[in-house]
1. Taking the condition of being in a loop (DSSP other than H, G, I, E, B) and over 15 Å from the mean Cα position of the chain (by Cα), how many residues in segment 89-108 meet it?
2. Pairs please, first residue from segment 6-26 and free of Cβ contacts under 8 Å to residues at least 40 places away in the same chain, second anywhere and surrounded by 15 or more Cβ atoms within 10 Å (Cβ to Cβ) and not polar (S, T, N, Q), Cβ atoms under 7 Å, 6+ apart in sequence or on different chains.
3. Could you check A103 against (1) out of contact with any strand residue (DSSP E or B) (no Cβ under 8 Å at 6 or more places or on another chain); (2) of a type outside the set (S, T, N, Q); (3) surrounded by 13 or more Cβ atoms within 10 Å (Cβ to Cβ); (4) under 25 Å from G29 (Cα atoms) and say which number it fails?
4. Give E25, E13, E66, E48 a once-over and let me know the one that is closer than 18 Å to P109 by Cβ and surrounded by fewer than 18 Cβ atoms within 10 Å (Cβ to Cβ).
5. Looking at segment 52-61, can you tell me whether even one residue there is surrounded by fewer than 23 Cβ atoms within 10 Å (Cβ to Cβ), without any contact (Cβ under 8 Å) to a residue 12 or more places away in the chain and either of a type outside the set (D, E, K, R) or not in a loop (DSSP other than H, G, I, E, B) (or both)?
Amino acid sequence: MQQPKRILIVDDEEDIRDVVRVSLEEFGGWLTSAAASGFEGLQMAKAESLDAILLDISMPDMDGLEMCRRLQTDPRTQKVPVIVLTAKVLPSDRLQFIELDVAGIITKPFNPVTIWQQVAEILGWNS
């Protein structure tokens with residue numbers, strides 16, 4: 001039997017982390033861990049074996065763009081696909097996401113019942 005996918009959710013808003021976690025675990029059947037900041041997320045990403053990271057862009061201390069850059073410079077984390085979770089998607093942001101080679105973008109507000117399907121679609125995990 002295949003091991004369930006492991007996903008790290010990085011968002012400074014606890015409500016968002018909780019809603020995403022429930023969707024990914026209950027509907028997707030995946031294992032999740034959560035971090036409340038870019039620094040915490042970076043430490044967890046280096047310590048855990050992950051299949052993907054859902055990353056908020058607007059966070060205090062270290063924003064998602066900076067975390068993404070740091071993930072890509074570390075051999076332990078550079079191959080982990082990152083899906084950006086963001087409320088603001090300006091053309092300039094999209095350009096930065098392309099440069100950072102993110103796997104995909106999910107905009108807030110998202111549908112908590114279907115976000116796991118968006119993740120599976122972006123990552124090609126549909127069975």
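1. 2
2. Note: pairs meeting the criteria are R17/I9; R17/D11; R17/A34; R21/I9; R21/A34.
3. Failing condition for A103: (1).
4. Of E25, E13, E66, E48, the one residue that is closer than 18 Å to P109 by Cβ and surrounded by fewer than 18 Cβ atoms within 10 Å (Cβ to Cβ) is E13.
5. Among the residues of segment 52-61, not one is surrounded by fewer than 23 Cβ atoms within 10 Å (Cβ to Cβ), without any contact (Cβ under 8 Å) to a residue 12 or more places away in the chain and either of a type outside the set (D, E, K, R) or not in a loop (DSSP other than H, G, I, E, B) (or both), which makes the answer no.
We did not get these values from a lab; they are worked out from the coordinates using the rules stated. All values derive from a computational prediction rather than experimental measurement. Note that each Cβ is placed from the backbone with ideal geometry, even for glycine, and that neighbours are counted across all protein chains shown.
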